[in-house]
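The values are calculated or read from the model by the stated rules, or taken from the named source; none is laboratory data. Quick caveat: nothing in here was measured; it's all calculated off a predicted structure. Don't worry about glycine lacking a Cβ; one is built from the backbone with ideal geometry, like all the others, and counts go over all protein chains shown.
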Amino acid sequence: MRTVAPIHAFVCVCLLLTCLPLPVRAEPGLRLEVQVTGFKRAGGELALAPFDSETAYEGREPAVRKAWIPVADGRAQWMVENLPAGDYTVIVYHDENGNRELDYRLFGIPKEKVGISNNVRGAFGPPRFERASFVLTEPVTSIAIELQ
């Protein structure tokens with residue numbers, strides 16, 4: 001009967017260990033806090049959606065997240081965790097009638113109040129992604145949006 005030399009056993013264990021996946025230490029995501037004011041009436045829900053690219057912002061890709069939160073006391077606050085660092089734009093609207101759709105008037109003008117990060121406005125339609133975007137790099141970033 002043959003015995004395995006200690007050096008051979010050591011080499012085999014080392015080779016096996018190199019094949020095992022190493023645990024990856026996940027970087028914690030960043031947190032975005034959004035404060036929204038400017039509601040003309042109480043009730044309904046506030047729809048929020050952060051976008052991480054111009055393509056997503058223009059509707060060709062989905063938003064990073066979506067949320068509908070209740071409106072209370074003329075303001076709303078939303079916090080989203082575990083976002084990767086990068087450029088973001090947040091769009092919000094006050095869904096007064098609770099149909100979870102932005103309602104429009106003639107010529108595509110919103111009936112319900114809308115807000116965009118950096119509180120920018122577009123001349124004919126939404127502002128460009130670059131004007132509305134902000135950089136998310138800190139562990140916690142807070143932004144304020146005024147409904148218009």
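Data for the structure
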{"item": "Residue match in region 109-118 (condition: within 16 Å of residue 42 (Cα to Cα) and of a type outside the set (Lys, Arg))", "result": "yes"}
{"item": "Breaking point among (1) assigned to a loop (DSSP other than H, G, I, E, B); (2) crowded, with 16+ Cβ neighbours inside 10 Å; (3) touching a strand residue (DSSP E or B) at 6+ places or on another chain (Cβ under 6 Å), for residue 145", "result": "(1)"}
{"item": "Residues located in region 116-140, provided they are in contact (Cβ under 8 Å) with a residue 60 or more places away in the chain, buried (at least 17 other Cβ atoms within 10 Å of the Cβ) and part of a strand (DSSP E or B)", "result": "136"}
{"item": "Strands (runs of 3 or more DSSP E) lying entirely in region 12-95 (those with 2 or more residues that are closer than 15 Å to residue 141 by Cα, at pLDDT below 90 and in contact with a strand residue (DSSP E or B) (Cβ under 9 Å, 6 or more places away or on another chain))", "result": "none"}
{"item": "Residue under evaluation residue 97, criteria (1) in contact with a Leu (Cβ under 8 Å, 6 or more places away or on another chain); (2) closer than 16 Å to residue 147 by Cβ, criterion not met", "result": "(1)"}
{"item": "Given (1) within 15 Å of residue 37 (Cβ to Cβ); (2) over 21 Å from the mean Cα position of the chain (by Cα); (3) not aliphatic (A, V, I, L, M), index of the condition residue 113 fails", "result": "(2)"}
